[in-house]
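A short write-up of the structure that comes next.
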Amino acid sequence: MSRVSQAEAKVNRERVVLAASRLFREDGVAKVGIADVMKSIGLTQGGFYKQFASKAALVDEAIAKAVSDNLQDLVALDRETGEHQAAWQSLLESYFSVEHRDNPGTGCPAAGFAGDVAREPEHRETYARGIQELAGWIAPGEAGLAAYATLVGGILLARATAGTPLSEQILQAVHAAVARDADSGQAATG
């Protein structure tokens with residue numbers, strides 16, 4: 001049996017965290033086992049415990065990684081658009097899209113992990129830090145928190161009603177409401 005180099009082990013660990021982040025957001029932490037994560041990237045379950053103390057440790061890393069990646073994307077959006085208000089409007093367009101609704105595995109980490117964290121309090125500190133960081137990108141303080149809570153609530157309701165006409169009505173209504181609030185200076189002033 002060949003040994004894995006430290007560099008390969010690091011790459012494999014990153015692959016495990018990324019796969020777990022996607023699968024947990026798609027199917028829920030309780031439904032995704034370690035074997036599912038490892039199989040999805042072509043690794044055996046035996047290698048998992050050489051890298052992670054437990055599934056709970058992986059969940060925390062997956063949440064933190066999803067938040068970090070999302071925040072990097074938002075900062076890049078600021079750079080691409082040249083101003084925060086334009087970045088915010090661009091985010092709203094993609095956030096309230098059918099594509100985002102139908103692809104939770106690559107979507108908003110706050111929405112993707114909300115149900116699991118509500119049921120599994122051991123992950124709340126990691127999740128709460130992520131919520132504060134992502135809401136802070138939108139706007140400082142309560143304005144950012146309120147806007148982010150509206151986004152997450154809207155996408156969760158749209159996902160829960162997917163396949164019904166109400167789902168797209170929710171996407172449109174929440175998008176319009178948040179854009180209206182932003183236009184009146186209540187959000188995205190960061």
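The values are calculated or read from the model by the stated rules, or taken from the named source; none is laboratory data. Keep in mind it's a predicted model, so treat the numbers as computed, not measured. Glycine also receives a Cβ, built like all others from the backbone with ideal geometry; neighbour counts cover every protein chain displayed. Keep in mind that these areas ignore ligands, DNA and RNA; they rest on the heavy atoms of the full protein, side chains included. Shrake-Rupley method; radii C 1.70, N 1.55, O 1.52, S 1.80 Å.
Okay, here's what the table says:
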read-out: Region 92-130, residues that are under 14 Å from residue 151 (Cβ atoms) and open to solvent by 40 Å² or more (accessible area, probe 1.4 Å); value: 93, 94
read-out: Complete set of residues in region 169-182 that are under 15 Å from residue 102 (Cβ atoms) and either touching a residue at least 24 places away in the same chain (Cβ under 8 Å) or not in a helix (DSSP H, G or I) (or both); value: 171
read-out: Where residue 166 falls short, out of the listed (1) part of a helix (DSSP H, G or I); (2) in contact with a helix residue (DSSP H, G or I) (Cβ under 7 Å, 6 or more places away or on another chain); (3) farther than 17 Å from residue 88 by Cα; value: (2)
read-out: Every residue from region 56-91 that is open to solvent by 60 Å² or more (accessible area, probe 1.4 Å), over 14 Å from the mean Cα position of the chain (by Cα) and closer than 21 Å to residue 111 by Cβ; value: 75
read-out: Yes/no for residue 152 being out of contact with any Phe, Trp or Tyr (no Cβ under 7 Å at 6 or more places or on another chain) and crowded, with 22+ Cβ neighbours inside 10 Å; value: no
read-out: Whichever residue in region 4-54 is assigned to a loop (DSSP other than H, G, I, E, B) and within 21 Å of residue 118 (Cα to Cα) and, among such residues, is most open to solvent (accessible area, probe 1.4 Å); value: 31
read-out: Elements of type helices (runs of 4 or more DSSP H) in region 87-161, at least 2 residues being among the small types (Gly, Ala, Ser) and without any contact (Cβ under 8 Å) to a residue 12 or more places away in the chain; value: 141-160
